[in-house]
Amino acid sequence: MSTDTVIDVNTAAAPRGRANAFVRWLVRTPWPVFTLGMLQADIIGALFVLGFLRFGLPPEDRLQLQDLPAANLAIFIAVLLVSFLVGSLVSLRLLVPVLRWQRRDGLLADPDPAATAVARTRALRMPIYRTTISLVNWFIGGTVFILASWSVGSRIAPVLAIATGLGATATAIIGYLQSERVLRPVAVAALRGGVPESFRAPGVILRQVLTWVLSTGVPLLAIVLSVLASKLSLFEANADKTLTPILLMALAALGIGLAGTVLVAMSIADPLRQLRWALGEVQRGNYNAHMQIYDASELGLLQAGFNDMVRDLSERQRLRDLFGRYVGEDVARRALERGTELGGQERNVAVLFVDLVGSTRLASTRDPAEVVVLLNEFFRVVVDTVARHGGFVNKFQGDAALAIFGAPIEHPDGAGAALAAARELHDELLPVLGGAEFGIGVSSGRAIAGHIGAQARFEYTVIGDPVNEAARLTELAKLENGHVLASANAVSDALDSEALCWNVGEIVDLRGRTSPTQLARPMNLAVPSEFSRQT
């Protein structure tokens with residue numbers, strides 16, 4: 001075999017491979033079922049008309065296809081085939097942009113946004129297009145059928161016209177409801193970017209009206225037609241012989257009504273069922289719950305509105321979480337519940353101040369990434385320990401942290417909680433910091449707690465002598481083996497269960513304070529040197 005022959009074979013095989021791949025993809029889409037649904041709805045409508053002509057009329061006036069002249073019957077069948085073929089070609093032409101859009105839907109970049117918008121709208125309108133094509137085919141077929149049967153049924157031509165119209169109506173409604181359900185996956189993909197403003201699907205009220213027309217209007221009109229035709233002497237048979245056909249049509253109405261009601265009920269119940277599931281997920285705190293938008297009706301707008309609501313809730317929760325991380329969960333909750341305004345109020349608070357020793361030296365002797373890891377671990381221990389005792393870390397200042405007990409949420413034993421947190425913090429920081437040293441100071445008293453700053457930018461903080469005293473005690477604690485100092489006032493403000501864990505010592509003058517401070521030290525603390533020898 002020559003090289004040219006191999007090239008020709010490969011060239012011919014490539015289109016066949018693409019065609020086979022396209023067919024395999026198409027089979028997995030809803031379009032084959034949609035096409036079969038079109039044929040099924042037309043068959044149901046045709047059976048309704050033929051059944052009416054066969055059983056809905058008295059025996060003397062019944063019309064069957066074999067009663068038509070052979071040539072007329074052949075013309076009628078040919079017209080049906082041609083109209084169905086033309087309708088299928090029109091549907092295919094309308095579907096081509098939709099199929100192209102579906103094939104490239106998984107691509108990261110859309111090569112033609114305008115074509116995609118047209119395809120999405122056309123995909124949503126396919127049930128309407130399908131119904132319109134079906135009605136046109138039925139109009140053509142009904143007209144040709146009346147003309148073809150004129151020689152044998154001219155007297156009942158009005159009955160044939162109305163029966164054909166009722167059959168077309170039943171076919172259109174069943175086809176629309178069925179198509180809308182079959183093409184739901186396509187609608188979900190088309191509505192992924194939102195509901196187009198220029199398109200609205202039939203709403204709940206219109207669907208209920210369509211169901212009434214299908215289940216009640218069409219059968220009752222057929223019954224009324226039979227009665228009127230008998231009264232107007234369009235039938236050769238007497239009125240008594242119309243009772244059996246009327247009974248049969250009433251039974252048919254029961255079956256058609258049940259089918260139509262089930263279709264509409266399912267189209268309404270499915271999104272409501274999904275909505276109930278999504279609401280349950282949101283109640284459980286899952287803000288990633290997302291509803292698929294089934295159509296562009298009121299139900300689709302409800303689904304889209306729910307998605308927007310959950311997206312807003314998720315954004316608010318994220319902002320609240322970030323807000324809480326920056327200012328403290330208690331401050332964030334109080335601000336969200338009561339609002340914020342500049343100013344503060346005086347209250348009893350306990351203040352804990354913790355600071356690393358020689359952080360500048362650490363930054364110059366260690367890798368910056370290592371320093372960041374050390375500081376993050378240091379602050380993690382501080383935040384966790386303070387939170388366990390009911391306080392909150394108000395701010396980070398370089399390598400120091402300020403914690404408050406008793407504001408913004410009152411604490412029944414703020415001083416005792418701050419003292420207990422200081423002792424526990426000492427023991428927690430020793431293994432974390434290793435050779436690095438630190439100082440912890442605790443004070444309590446009256447201070448102003450509130451939002452300080454400008455209207456455009458403020459923060460929640462505590463201002464007063466306890467804050468200054470705690471900062472000065474921290475400086476002094478860095479020189480102590482235990483690294484923890486508190487004021488005697490803080491110990492006296494604490495409950496006995498915590499106050500008994502502290503020894504009150506000497507009185508000192510702290511820098512920047514006019515009154516002296518009596519120091520207090522915790523009992524039974526591990527000193528850094530002993531810990532270092534153990535490790």
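Please enumerate the residues belonging to the range 494-514 that are in contact (Cβ under 8 Å) with a residue 40 or more places away in the chain and closer than 23 Å to Lys395 by Cβ.
As a first pass, look at the range 494-514 and keep what is in contact (Cβ under 8 Å) with a residue 40 or more places away in the chain: 494-495, 497-499, 501-502, 510, 512-513.
Scanning the range 494-514 gives Leu510, Gly512, Arg513.
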Quick one: what pairs do we get from the range 266-279, first residue closer than 18 Å to Asp308 by Cβ and in the same structural domain as Gln208 (by TED's automatic domain parsing), second modelled with pLDDT under 80 and assigned to a helix (DSSP H, G or I), C-beta under 6 Å, 6+ apart or different chains? Pro271/Leu299; Pro271/Gln303
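Looking at Val491, is it assigned to a strand (DSSP E or B) and either of a type outside the set (Lys, Arg) or modelled with pLDDT under 80 (or both)? Full working, then the answer.
Details: assigned to a strand (DSSP E or B): no; either of a type outside the set (Lys, Arg) or modelled with pLDDT under 80 (or both): yes.
For Val491, the condition - assigned to a strand (DSSP E or B) and either of a type outside the set (Lys, Arg) or modelled with pLDDT under 80 (or both) - is not met.
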Name the residues in the range 247-281 that are in contact with a helix residue (DSSP H, G or I) (Cβ under 7 Å, 6 or more places away or on another chain) and modelled with pLDDT of 80 or more, would you? Leu275, Ala278
Please give the helices (runs of 4 or more DSSP H) falling wholly within the range 290-406 in which 1 or more residues are surrounded by 13 or more Cβ atoms within 10 Å (Cβ to Cβ), within 40 Å of the chain's Cα centre (by Cα) and modelled with pLDDT of 70 or more. 298-327, 368-388
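The values are calculated or read from the model by the stated rules, or taken from the named source; none is laboratory data. Keep in mind it's a predicted model, so treat the numbers as computed, not measured. Neighbour counts are summed over all protein chains in view; Cβ atoms, including those assigned to glycine, are modelled from backbone coordinates with ideal geometry.
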